[in-house]
Every structure is written in C-alpha cells, then in structure tokens.
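Below: the structure, in structure tokens.
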Amino acid sequence: MPPTDASTEAEAEAEAENRTEGRAGTEGRAGTEGRAGTKAPPAPLSACEETLELRLPDEFVARFRTEEAGPATGTGQAAETRPPTGGAEAAGSRYARDLLDALADWPSTPTAAGEFRLVPVHPVHDLALLTRWMNDPAVAEFWELPGDEDVTAAHLRPQLEGDGRSVPCLGVLDGTPMSYWEIYRADLDPLALHYPARPHDTGIHLLLGDAADRGRGLGTTLLRAVADLVLDQRPSCARVVAEPDLRNAPSVAAFRSAGFRLSAEVELPDKRAALMMRERTHHRRP
C-alpha cells in the first residue's frame with residue numbers, strides 16, 4: 001500500500017486505529033516489533049521514486065577495506081570489561097562511524113526510569129541473553145526468531161559483518177541489559193522501497209527482554225529517549241522511522257505515545273506494518 005501524503009495522514013491514522021482496535025494482543029507485547037528486510041525486497045513501487053540506491057558506492061566501500069584496522073571503538077563503562085575484538089566486527093565498526101555517526105560513542109541519556117545507554121552487541125558474550133529473549137513467546141510472535149543460539153547468531157551476523165548500515169545494540173538501563181535494539185539507516189534499507197525515503201532517515205527496532213519490563217509504559221519512555229538520542233547524535237537525520245507490525249497494537253500505541261505519528265500502512269515482505277515517523281521539528285532540543 002503506497003504511503004499517504006500530508007492530506008491523507010489523518011485518514012490513515014484513523015483507519016489504523018480501527019484495524020488495531022480489538023485485535024488479539026496483550027500488554028506483554030508492548031515494545032516488541034517485527035523485522036524488516038529479512039526477505040528479498042519486491043520491485044520498487046512507483047510511489048517511491050524518491051528512494052535512494054540501496055548499494056553503497058564501490059569507492060566508498062573500497063576506501064574502508066583498505067584502511068588499517070584500528071582499536072575497537074569504546075562504548076563507555078558498560079563495555080569496559082569486554083575484550084577487544086577484530087576482524088569483521090572491527091571492520092563493521094569502522095563503517096558504522098560514517099553510516100551511523102559513531103553509534104558506539106553515543107553517550108548515555110537520563111530517562112524517568114534511569115540512566116540509559118545503547119551498547120553495540122558483542123557476538124559471543126551477549127548471544128545467550130539475546131537467545132533467551134528471542135524464545136519468549138511474546139517476542140517470538142513478532143520477531144520470529146525462536147530456536148537455539150545458531151538462529152540468533154545468524155540474525156546478528158549480517159549486521160555485525162556488514163557495512164554498518166544496521167547496528168544491533170543492547171539497551172542498558174542503570175547498568176543492566178534489559179532490551180534489544182537495531183538502529184539502522186532506513187534510507188539504505190529495503191524498507192526504503194516502500195515509502196519516499198529521505199537521506200539519513202534512521203530506523204529503530206525494539207524488544208523489551210523480560211516480561212516484568214512490559215506493560216508499564218517503559219517502552220514509551222525508552223522509545224522517546226532513543227529517538228531524541230538519534231536526533232541529537234545524527235545532525236543529518238531529519239526523521240526517525242519505525243515499522244511495527246500493524247497487528248501489534250500495544251507497540252503502535254507505544255510509538256504514538258513517544259511522539260511518532262502514523263504516516264501510512266505499508267505491505268512489507270513479512271508483515272503489514274504501521275509506518276511511524278518522528279520528525280526533527282518535534283524534537284525536544286534545538
């Protein structure tokens with residue numbers, strides 16, 4: 001379904017409310033959403049002529065591949081006990097410095113729930129925790145990644161070994177890992193084939209790991225904080241984008257409460273999604 005323009009956004013919002021109202025779902029699923037781009041993207045739609053080329057220029061990639069590997073980027077106190085890494089993971093960190101403005105260096109941010117920080121995932125030390133979260137039925141319903149550690153590792157690998165357009169992170173609240181995030185360049189993602197993407201649009205995926213953290217407004221608090229963090233740390237980004245499963249009414253409601261608006265309903269390869277956007281014009285800081 002093509003995205004709506006400004007004259008029809010109110011109608012799309014009302015329609016989405018009608019679609020989600022009364023559907024199956026519990027508060028336990030608040031803050032969880034499906035994945036985008038895991039299947040082969042369909043041919044570009046005519047309404048998406050503004051989308052960017054998804055492939056990075058060869059000269060851009062070659063410039064990083066010929067660089068000498070340096071020390072891993074620090075991630076603050078939450079990551080100081082982790083051993084240094086190299087190889088593909090370190091290469092991905094170098095790419096991410098350009099594509100996501102050195103996400104590993106982003107500072108912590110205060111929230112009503114405590115001090116929050118995004119810490120890039122360690123592929124070994126964080127694997128068991130992420131696998132446990134992915135096997136929670138409330139998470140698996142929308143992320144569709146139940147199984148052993150090999151399943152989780154296979155999901156993380158393209159991001160960790162890729163060019164840095166998507167960075168998987170743990171959400172650490174007052175020193176405790178409690179959520180999983182994917183911060184990604186929506187304008188370089190297959191999602192861009194389904195809406196008029198703008199340069200540097202930044203997307204977010206979120207799941208809250210433990211049932212005790214769901215259903216009490218924590219998802220809204222963290223979504224607002226991370227959207228603010230993205231806009232603070234990425235001056236070229238004018239919009240934060242999300243595409244929760246339209247069936248996941250609690251997740252859609254959490255995004256709305258965090259300042260996102262429903263832009264359109266879009267048919268993605270693995271779900272019908274609510275395209276949510278938060279513009280810089282609604283940012284808390286100048």
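Within 10 Å, count the other beta carbons around each residue, average over each peptide in 256-262, 101-107, and list them highest first. It would help to have the intermediate numbers written out before the result.
Working: 256-262: 19.6, 101-107: 17.1.
The most tightly packed comes first, giving 256-262, 101-107.
Accessible area per residue of region 126-245 at 1.4 Å probe, in Å²?
On the way: 3660 Å² over 120 residues.
That works out to 31 Å² per residue.
If you count, for each residue, the other Cβ atoms within 10 Å and average over each peptide, how do 197-203, 144-150 line up from highest to lowest?
On the way: 197-203: 20.7, 144-150: 14.0.
Per-residue mean Cβ counts within 10 Å order the peptides as 197-203, 144-150.
Tell me, what % of the accessible area of region 176-243 is carbon and sulfur with a 1.4 angstrom probe? Show your work: numbers first, answer last.
Working: 820 of 1620 Å².
Whole-percent figure for carbon plus sulfur exposure: 50.
Can you tell me how much longer the chain between Ala128 and Val151 gets when fully stretched, taken as 0.36 nm per residue apart minus their C-alpha distance, in nm with one decimal? Write out the running numbers ahead of the final one.
Working: separation 23, 0.36 × 23 = 8.28 nm, distance 1.12 nm.
Result: 7.2 nm gained on full extension.
Could the peptides 110-121, 217-228 be put in order, highest first, of the mean number of other beta-carbon atoms found within 10 Å of their residues? It would help to have the intermediate numbers written out before the result.
On the way: 110-121: 18.3, 217-228: 22.1.
So the order, starting with the most tightly packed, is 217-228, 110-121.
What percent do you get for the relative contact order of region 124-220 when only Cα pairs under 8 Å and 6+ apart count?
Computed value for region 124-220: 18 percent relative contact order.
Considering amide H positions built from the backbone, and no H for Pro or chain starts, which residues 5 or more places from Thr111, or on another chain, come under 5 Å of its amide H?
Placed amide hydrogens put Phe116 under 5 Å from Thr111.
If you take the beta carbon distance between Ala112 and Ala211 as r and set R0 to 22 Å, what does 1/(1 + (r/R0)^6) give as a FRET efficiency, to the nearest 0.05? Before the final figure, lay out each step's value.
On the way: r = 20 Å, r/R0 = 0.93.
Efficiency computed from Cβ-Cβ geometry: 0.60.
The values are calculated or read from the model by the stated rules, or taken from the named source; none is laboratory data. Only a predicted model underlies this, so the values are computations on that prediction, with no experimental measurement involved. So basically every Cβ, Gly included, is an ideal-geometry build from the backbone, and we count neighbours across all protein chains shown. For accessibility, only protein heavy atoms count, side chains too; no ligands or nucleic acids. Shrake-Rupley method; radii C 1.70, N 1.55, O 1.52, S 1.80 Å.
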